[in-house]
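Single-structure report; data block below.
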Amino acid sequence: MKSDTGNVLDRLKAECAPLWAAYLDHAFVRALADGSLPEACFRHYLVQDYLFLIHFSRAYGLAVYKAGDLDDMRQAAATLDALLNAEMSLHLRCCARWGLSEKDMAATPEADANLAYTRFVLETGMAGDLLDLLVALAPCVLGYGEIGARLLAKPSVPLGANPYREWIEAYGGAEYQDVAKAATAQIERVARRRLGETPIQSPRWAALSRIFQTAARLEIGFWDMGLTPPAT
């Protein structure tokens, strides 16, 4: 019998440890940390991530609908507010420096990696329940929190000299870390409510683990996409 110690998310990450490590320590992330990422790559990534966040906002709207009680409705709504009014604002500020308006960004075609990831999450949420949806969302919300905290704690170059300082400070800062912690708490709460006190022994566990691993692979694909901007 599998061990059922630790929390749900720790177990999900442990079951795909090499994949999770490849996501957190991707070449794109390392280049952000040392400031060597070409501006064209960051710009391509940021515009695509803006489009990504539009769909993830819809996914959190779906989480409000799928929620079984007011606490979960309020938590999903709070995360939706953070996406629409804080995280997307970071993208708008950065892209405005390149002369890109919100209209320009919204009109940009979605990259294949973006389409694959966002539709997977939305389709998982539509077909499943709140727990399926939250697990599909988790690698993005929690992974960015881990990456931001790591880079802010120990950047490869002093932040003052890093052109991506604002991104690092946004995801490593207290506001986003609070979003990630609240999302973690919600997943733990919903998992135990739906699966009981030993979630890993639930018949649903294997399917949830596959959802998490698929989303983590799609996150890696998103970083890969960021390293290959379209030719101009």
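Mind counting the residues in the stretch 189-225 that are at pLDDT below 95, surrounded by fewer than 18 Cβ atoms within 10 Å (Cβ to Cβ) and part of a helix (DSSP H, G or I)?
Result for the stretch 189-225: 5.
Exactly one condition in (1) among the β-branched types (Val, Ile, Thr); (2) modelled with pLDDT under 95; (3) in contact with a helix residue (DSSP H, G or I) (Cβ under 8 Å, 6 or more places away or on another chain) is not met by residue 5; state its number.
(3)
Out of (1) out of contact with any Leu (no Cβ under 6 Å at 6 or more places or on another chain); (2) part of a helix (DSSP H, G or I), the odd one out for residue 88 is which?
Condition not satisfied by residue 88: (1).
Among 20, 98, which is surrounded by fewer than 19 Cβ atoms within 10 Å (Cβ to Cβ) and either of a type in the set (A, V, I, L, M, F, W, C) or within 16 Å of the chain's Cα centre (by Cα) (or both)?
98
Taking the options 73, 105, name whichever one is in a helix (DSSP H, G or I), more than 16 Å from the chain's Cα centre (by Cα) and over 27 Å from residue 227 (Cβ atoms).
Among 73, 105, only 73 is in a helix (DSSP H, G or I), more than 16 Å from the chain's Cα centre (by Cα) and over 27 Å from residue 227 (Cβ atoms).
Mind checking which residues of the stretch 71-94 are farther than 16 Å from residue 183 by Cβ and either modelled with pLDDT of 95 or more or buried (at least 16 other Cβ atoms within 10 Å of the Cβ) (or both)?
Those that are farther than 16 Å from residue 183 by Cβ and either modelled with pLDDT of 95 or more or buried (at least 16 other Cβ atoms within 10 Å of the Cβ) (or both): 88, 90, 91, 94.
The values are calculated or read from the model by the stated rules, or taken from the named source; none is laboratory data. On a predicted model such as this, the values are computed, not experimentally measured, just so you know. Neighbour counts are summed over all protein chains in view; Cβ atoms, including those assigned to glycine, are modelled from backbone coordinates with ideal geometry.
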